[in-house]
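Data block below; observations after.
The values are calculated or read from the model by the stated rules, or taken from the named source; none is laboratory data. Not measured: the values here are computed from a predicted model. Cβ placement follows ideal geometry from the backbone for every residue including glycine, while neighbour counts extend to all protein chains displayed. Heads up: the accessible areas ignore ligands, DNA and RNA and are worked out on the full protein's heavy atoms, side chains in. Shrake-Rupley method; radii C 1.70, N 1.55, O 1.52, S 1.80 Å.
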Amino acid sequence: MAKRVSHVLWADMPGRVPLQGGQHADAGLESSYARLAGLKVVIPSNSYDAKGLMIAALRDVDPVIFCHYPMPISGPPVPDEPYLVPIGEAAVRCEGSDLTIVGYAPQTVEIAKAVEQLKKDGIAAEFIDPRTLAPWRA
């Protein structure tokens, strides 16, 4: 029986910090990676998803690039035992019927704040975090 080998590439994305030189340090390469045929691209927005997606990537037979942005400490608690977050499945972070906002990685913090403000203004916004850029299922 042949030994299965994982092909996971870790890619640190820019920190998106003010005064860092946005013209060359404020854009990740995740959209470029997502266009490469056969490459799966995961981009978690919290620690819970990061652990589950990393385990899923290590177990996947296809090549996976793991795009890592600095993450907020918020989010669901991370269990000690292994678990999977399925590659290719988005997370609906907030249900809503008036509009849909899709955002990933660093944007999720600001989108969550915007959704709360919209609620105060009487607008029910759905917030979707794709978690995976390729493959992407609608």
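The requirement of being open to solvent by less than 30 Å² (accessible area, probe 1.4 Å), among the charged types (D, E, K, R) and within 15 Å of the chain's Cα centre (by Cα) is not satisfied by Asp60.
Would you confirm whether or not the range 117-126 contains a residue that is buried (at least 16 other Cβ atoms within 10 Å of the Cβ) and under 14 Å from Asn46 (Cβ atoms)?
Within the range 117-126, the subset buried (at least 16 other Cβ atoms within 10 Å of the Cβ) is 118, 125-126.
Okay, now just the ones that are also under 14 Å from Asn46 (Cβ atoms), so none.
No, the range 117-126 has no match at all.
Here Leu9 meets the list (1) open to solvent by 40 Å² or more (accessible area, probe 1.4 Å); (2) at pLDDT 90 or above; (3) of a type outside the set (S, T, N, Q) almost entirely, failing just condition (2). The single condition from (1) open to solvent by 80 Å² or more (accessible area, probe 1.4 Å); (2) at pLDDT below 70; (3) not in a helix (DSSP H, G or I) that His24 fails is (3). A count restricted to the range 75-96 and to residues that are open to solvent by 60 Å² or more (accessible area, probe 1.4 Å) and within 11 Å of the chain's Cα centre (by Cα) stands at 1.
Check whether at least one residue in the range 33-41 is over 13 Å from the mean Cα position of the chain (by Cα) and not in a loop (DSSP other than H, G, I, E, B), and report yes or no. Walk me through how you get there before you give the answer.
Step one: filter the range 33-41 for residues over 13 Å from the mean Cα position of the chain (by Cα), giving 33, 35-39.
From what's left, not in a loop (DSSP other than H, G, I, E, B): 33.
Yes, that holds for at least one residue.
When the range 108-138 is filtered for residues that are under 22 Å from Pro70 (Cβ atoms), in contact (Cβ under 8 Å) with a residue 24 or more places away in the chain and not in a strand (DSSP E or B), the ones remaining, listed by number, are Thr108, Val109, Pro130, Arg131.
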